[in-house]
Each structure stands twice: as C-alpha cells, then as structure tokens.
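Accompanying notes for the structure given below.
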Amino acid sequence: MATRTRIFSFVFAMMMSFMVFSVYCSARIYTVGDSDGWTAKDDVYYAWAEADHKEFHVGDSLVFEYDPNINDVTHVPGSLEYEFCDYSSLKVVYNTGHDVVTLTEPGFHYFITSNQAQCVLGQKLEVLVVHDPSRPVPPPPPSKILPIGKTYKVGDSQGWKLYNSDFYNKWSEERQFHVGDALLFEYDNEVNDVYEISGDLEFITCDPTSPVAVHKTRQDLVRLTEPGVHYFVTSHSGYCEAGLKLRVMVGPLPKAVTLPSFPKKVDLSAMERLNNWLQTFKHQPHH
C-alpha cells in the first residue's frame, strides 16, 4: 500500500511539473513592429497589434527595438496620455534600445515615445492584456498597508544636481529611512533624469543600462516600499562619476504602526504630533 502511495505521489508531482512547464512555455514574445521595430510610422502599431488576430496574455512579453539616441519606450497610465502623447505622468521609461517588457497585469497597456514629434506621427502602441483561461491565475500578493511616512527632498535646498563627490553620501548617512517614506527628486533640464538601479556594482560604476525604474518628470516622488539598500543615479555618466548618485538604507516597516485599526476620519497629522510629543516626554528625565 505504501508503495502505491509513493508511486501515486510521484506521478502527481510529475503531472504538476509538466503543467507548470507547459504554462511557462505557453508565454509568447512579440517583437513590436516585427522587422520595422519601434519607429515613427503612421498607424503601423495599431495595425500590428490587430494583425494575425494577436491576443496578449498575462506573462507574454513585448520586445521594443530602436535607436536609444533618439527614442525610448514610455509606459503611460491611461488613454488620454496615449492619445495626446503626454508623458508628464508616466509609469516607467525604458531606453536601452532593446527593451523586453513582460505584461504582468490584465487590462489596457499604453506605450508611447517621449519624442513627441515621432509620437504624433504614430509611434505609440495600445494593447489589451487578458488572462488565458488555460493558465492558472496566481493569487494576488498580500496587500501591504504602508504607514504615512516622511517625505525627504533629496539634497534639501540643493536638490538633485552636481554638488560635490561626497554630498549625497553624507546627506543619506545623516538620515534614517523606513518603508513608507518617500524621496522627492527635484532637478533641471541639465540633469534630466533619475535612474533607480539594482545593485552596488552598477552604483559604483555608474552603469544605468539595467534600471529598475526611470523617472523624468523633474519632480519625481519615489515611494520606498521595500526594506534594504536602494540605489539612484543619473544617466549622465560624467555627473554620476562626479558624485551625483544616492544610496539609501531603508529600514523595515515599524511594528508599532497599525493603520488598519484607526477610525476612517482620524486626523493623522494630529496623531503624529501627539505621538511625537509622547516620545519626547518619554525620553525626558523625570525627577
């Protein structure tokens, strides 16, 4: 009987592995525009998305190939931004020249180039992403209720600009960052962007070729949602090498924060003031 049970368990495990392998392999990769690539051509991307009865599913990927000196791929949040080539409130920017964008959520996704002249000429793509019924839908990740943290203007009055080689290192070391806090990067046309990168080596060598996210609004608010080390550089290599880069250590979510238990109409700013007063009183010497 034990032998039969082991055989059944082995067969079941093999079947599950085959199903997972099949699901993984069923994801498709589409080169946007096929041989034309990602360039300015009137209505070519609307026709491309509609041709051959294409269906885009969660897990599929889009490959954008183009000249990064004159183009990028800007993922915008809605149809109005798409229609009017408005990249002022973007989701993320890709600009490697060979961008692989995996479609992780169902719904409409809108991509344009921030080169507005070319966007107006038709260099923009709208795709509808659906769940494939044959693929199991992964359960949603547990929701995170983040506290209302502090917002730090990077560099204070200096903002995000070239100052000196150790300025941002000292600025970061003088502060304690936690999950829920936010960084505000303010800068001018000369600096032009903020790249969030993934590792210490990329930070040391000022390598922006594999960014986690790209921000270009000149007033970028970046929420710190994960503990650990976060790295930010400018893609202007000369400026980055001269010190325009930031590394921050983000501490975990404070355990004392229990926002779900607050009544809906609580004045959070008043609660924060009360908490600060209590903390100050607690640390004062008592006679």
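The values are calculated or read from the model by the stated rules, or taken from the named source; none is laboratory data. Keep in mind it's a predicted model, so treat the numbers as computed, not measured. A quick note on method: Cβ atoms are made from the backbone with ideal geometry, for glycine too, and the neighbour counts reach across all protein chains shown. Accessible surface areas use protein heavy atoms only, side chains included; no ligands, DNA or RNA. Shrake-Rupley method; radii C 1.70, N 1.55, O 1.52, S 1.80 Å.
Of the numbered conditions (1) surrounded by fewer than 19 Cβ atoms within 10 Å (Cβ to Cβ); (2) of a type outside the set (A, V, I, L, M); (3) in contact with a Leu (Cβ under 9 Å, 6 or more places away or on another chain), PRO252 fails exactly one; give the number of that condition. Only one criterion is unmet by PRO252, namely (3). When TYR187, TYR195, TYR152, TYR231 are screened for being under 21 Å from SER88 (Cα atoms), free of Cβ contacts under 8 Å to residues at least 60 places away in the same chain, among the hydroxyl-bearing types (Ser, Thr, Tyr) and open to solvent by 20 Å² or more (accessible area, probe 1.4 Å), only TYR187 passes.
Restricted to the range 27-43, and to residues that are farther than 13 Å from CYS119 by Cβ and of a type outside the set (D, E, K, R), which residue is modelled with the lowest pLDDT? Out of the qualifying residues, it is ALA27. Of the residues making up the range 158-183, those that are modelled with pLDDT of 90 or more and in a helix (DSSP H, G or I) number 7.
Quick grid of which residues meet (1) modelled with pLDDT under 90; (2) of a type in the set (A, V, I, L, M, F, W, C); (3) assigned to a loop (DSSP other than H, G, I, E, B):
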position: ASP188; (1), (2), (3): yes, no, yes
position: VAL191; (1), (2), (3): yes, yes, yes
position: TYR195; (1), (2), (3): no, no, no
position: THR209; (1), (2), (3): yes, no, yes
position: GLU226; (1), (2), (3): yes, no, yes
position: HIS230; (1), (2), (3): no, no, no
position: TYR239; (1), (2), (3): no, no, no
position: VAL248; (1), (2), (3): no, yes, no
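Among the residues making up the range 48-75, those that are modelled with pLDDT under 85 and on the phi > 0 side of the Ramachandran plot are ASP52, HIS53.
Being more than 25 Å from SER35 (Cβ to Cβ) and in contact (Cβ under 8 Å) with a residue 40 or more places away in the chain holds for only one residue in VAL130, VAL93, and it is VAL130. For the range 214-224, the set of residues classified as open to solvent by less than 50 Å² (accessible area, probe 1.4 Å) and either in a strand (DSSP E or B) or of a type in the set (Phe, Trp, Tyr) (or both) consists of VAL214, HIS215, ASP220, VAL222, listed by residue number. Against the definition (open to solvent by 30 Å² or more (accessible area, probe 1.4 Å) and either in a strand (DSSP E or B) or among the β-branched types (Val, Ile, Thr) (or both)), how does VAL100 come out, yes or no? In short, yes. When the range 31-74 is filtered for residues that are of a type in the set (Ser, Thr, Tyr) and either closer than 16 Å to PHE108 by Cβ or part of a helix (DSSP H, G or I) (or both), the ones remaining, listed by number, are SER35, TYR45, TYR46, THR74.
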